[in-house]
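K.L.:
Questions regarding the structure given below will be posed in turn.
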């Protein structure tokens, strides 16, 4: 135990004092915050650009339909030939020319409208024009057939089902989405963490071999302690870096927003309907939903599964590190790590959100390699405590087993200096 | 005679390859024990078994009469042939870490490190990183780390490789001093001149088998060939050599003399006395040189290895 403590301390210190670690810890939040501002700044520039579209409407039906918006202006051209209109549009540096030809039959019109443009058109501009034309043309046709548009407007309905459980507690329709977002964010965070810091564990395990200190170390400590110490020490360094990032990033964001006065909230939400819906069902209900999530269980199980999942994958990275002599040999073993991670994310996003307690979700939330991510996503939907417990036990047992396995490989691997191991050989080593 | 380490029929196989074949060795306490053998003979495997890095397939090893257990690691100091240190760690910090892994308290380790750093004159390196040191300098640090916890049994695998002659001598003196203080030293090498100088017991391993072991003087006695080097001054060297070759086994020899003109190696019958040879030679010529040929460990090594 004394040795384990020493190893953890050394691993932590040697990571944290490493120059590149310090540089990355300070630089990363700067880069990320810088990127965010760059993106916001650029998209701001983009949306400030005003496009003018010339309209040559020979039917005279749509003269009132096109309304100028912030980024899109319309210029009506009347009583000129198409050829002239084209020249005007081109020389006036308009974004394009919308041509609505004269037709006898309105039903043919929708196929004959043209848009002339230099290069390729702006997609959202085209979409906006198409939307406007669709609405106007539909209305014109309806009116021609003698339908009263006012009646249609008044008979439009928007059903809003009130959801209430048998105990009489109201929930909003957003509830499922909130849960999915909570779970998804947790799962995604874990995956990022594994990918960023797992490698660090692997490199640290290879370290003794490249420094040729391995025999001195292995004749002083048990490989199991060494593996465990490395995983814990490196993880602590990772957590430290992560916390520094969060704090530093937060401070930077605060400073940056106040200095540059940039409004980070996107001015127009892409999904206006969702917000409307949220407003309709009431922000209150949403907040209530969040408050009603099993916050206590959520945080505790988040921590446990996060740590468990991270440790399990770290121990696999450690086993890989134990099997090879240098980092270039690790490539062939990367595959088995990435696959279950990806699988867990897919299962999480497709099976869990669709049916959190379906058999696929339940099974994958018990398989140790996928359980951390899948279970994290399931928990907000309410999972019986015994299921969580079984899944946790399986997870930690597997972790201990893999560390033992890694230690075994490590011990035997010493005798195989400079030889690239194959899977077959790894199996043989286990039997030594 | 006390033995500190006993290996009893230790066998180790790697798959089909036999690394050690029923090796039994006794290391007397307070001795410098040379573990000899050509490359790939199984020396390192044997040492790793003593250090519990690998386990023997069969047979057992006893330290002070007890079967090897994890806690014995504290009584063993091991300087492997394949050695290194954490490159980006500071010398002092690293030495402290390794010493604590061997069970020393921090204060104890600091005190002893100070003693050793002063002794080997490397006190100023404490805050340097290993990557700033030369290979020889790093080896000094490793040596200190090996002996710091005052183990009863020290195992050095090719300790002098990488040292310049001055430092090799320094280390040699330290090894001898440690022996005088009561430590037992196992010394694995294939550099015979250091064995000749240091070891009082040897074991020779060849192709996974122990082919020879015992006290160096005893081994030399059994390997002596009753051969003597003689330097003679005579007016008729050719006829004398001719006469001698009829009586004994004679071969030419070379050594430094002032005016001898006949230099020979003469082998006599195992039980006859060299006095007879001397009286015969002195009656024929003036004898300036008469030395018994003692087999060097190197000769014994080559002879045994090529024989088996």
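Every read-out reported here was derived from the displayed coordinates using simple, explicitly stated rules and does not represent laboratory data. As the structure is a computational prediction, the values presented were derived from the model and not from experiment. All Cβ positions, even for glycine, are placed from backbone atoms using ideal geometry, and neighbour counts span all protein chains on display.
K.L.:
Would you list B:147, A:201 from fewest to most Cβ contacts within 10 Å?
P.N.:
Least crowded to most crowded, the residues run B:147, A:201.
K.L.:
What's the average, rounded to a whole number, of partner chain beta-carbon atoms within 10 Å of each residue's beta-carbon in A:202-215?
P.N.:
The mean count of partner-chain Cβ atoms within 10 Å per residue comes to 4.
K.L.:
While we're looking at this one, here's another question. Which whole number gives the average, over all residues in B:91-98, of C-beta atoms from other chains lying within 10 Å of the residue C-beta?
P.N.:
3
K.L.:
Report, to the nearest 10°, how far helix B:106-119 tilts away from the longest principal axis of the Cα atoms in chain B, using its own Cα long axis and a range of 0 to 90°.
P.N.:
On a 0 to 90 degree scale, this one is about 40.
K.L.:
Give me the one-decimal nm value for the distance between modelled label points at residue B:251 and residue A:49, 7 Å along each residue's Cα-to-Cβ direction.
P.N.:
Label at residue B:251, label at residue A:49, 9.5 nm between them.
K.L.:
Okay, moving on. Given the convex hull over the Cα atoms of the range A:130-242, what projected area results after averaging over all orientations, in nm²?
P.N.:
So the Cα hull casts an average projection of 16.8 nm².
K.L.:
By counting other Cβ atoms within 10 Å of each Cβ, how are A:200, A:192, A:1, A:334 ranked from fewest to most?
P.N.:
Fewest-to-most Cβ neighbours within 10 Å comes out as A:1, A:192, A:334, A:200.
K.L.:
What spacing in nm lies between the two simple spin-label points modelled at residue A:108 and residue A:13, each 7 Å away from Cα in the Cβ direction?
P.N.:
With each label placed 7 Å out from Cα toward Cβ, I get 8.8 nm.
K.L.:
Give me the percent relative contact order of chain B, please, defined on Cα pairs under 8 angstrom at least 6 residues apart.
P.N.:
Contact order relative to length: 20 percent.
K.L.:
Still on this structure, please answer the following. As a check on your grasp of the helix formula, calculate [θ] at 222 nm for chain B: sum -39500 (n - 2.57) over DSSP H runs of n ≥ 4, divide by the residue count, round to the nearest 500.
P.N.:
Taken over chain B, the calculation gives -11000 deg cm²/dmol.
K.L.:
Count, for each residue of B:79-85, the Cβ atoms from other chains sitting within 10 Å of its Cβ, then give me the mean as a whole number.
P.N.:
6
K.L.:
At a 10 Å Cβ-Cβ cut-off, how would you order A:179, B:16, B:267, fewest neighbours first?
P.N.:
Ranked by crowding around the Cβ, least crowded first: B:16, B:267, A:179.
K.L.:
Would you mind estimating how fast the range B:225-292 diffuses translationally, via Stokes-Einstein at 10 °C and 1.306 mPa s with the Kirkwood radius over Cα pairs, in µm²/s?
P.N.:
134
K.L.:
Volume per residue, Å³, of the convex hull around the alpha-carbon atoms of the range A:45-84?
P.N.:
Hull volume normalised by residue count: 66 Å³.
K.L.:
Then there is this: What span do the alpha-carbon atoms of the range B:3-221 cover on each of the three principal axes, reported in whole Å from largest to smallest?
P.N.:
Principal-axis extents of the range B:3-221 (Cα, largest first): 47, 35, 32 Å.
K.L.:
For the range B:1-119, treating each Cα as an identical point scatterer without solvent, what Debye log10 I(q)/I(0) comes out at q = 0.15, 0.16, 0.20 1/Å?
P.N.:
Calculated log10 I(q)/I(0) at the listed q: -0.83, -0.91, -1.16.
K.L.:
Continuing with the same structure: Could you tell me the convex hull volume per residue, in Å³, taken over the Cα atoms of the protein assembly as shown?
P.N.:
Cα-based convex hull of the protein assembly as shown, divided per residue, equals 302 Å³.
K.L.:
Let me ask another. Given the options B:247, B:135, B:110, state which has the largest fluctuation in a GNM of chain B using a 10 Å cut-off (strictly under) for Cα springs.
P.N.:
Result for chain B, Cα springs under 10 Å: B:247 fluctuates most.
K.L.:
Can I ask one more? Rounded to the nearest Å, what's the spacing between the alpha carbon centres of the range A:300-356 and the range B:259-308? Just the number, please.
P.N.:
Here the two parts' Cα centres lie 74 Å apart.
K.L.:
Please state the relative contact order of the range B:78-213 as a whole percent: Cα pairs under 8 Å, 6+ residues apart?
P.N.:
26
K.L.:
Okay, moving on. Write down the Kirkwood hydrodynamic radius of the range A:49-148, to one decimal in angstroms, obtained as one divided by the mean of 1/r over all alpha carbon pairs.
P.N.:
Computed over Cα pairs of the range A:49-148, the Kirkwood hydrodynamic radius comes out at 14.1 Å.
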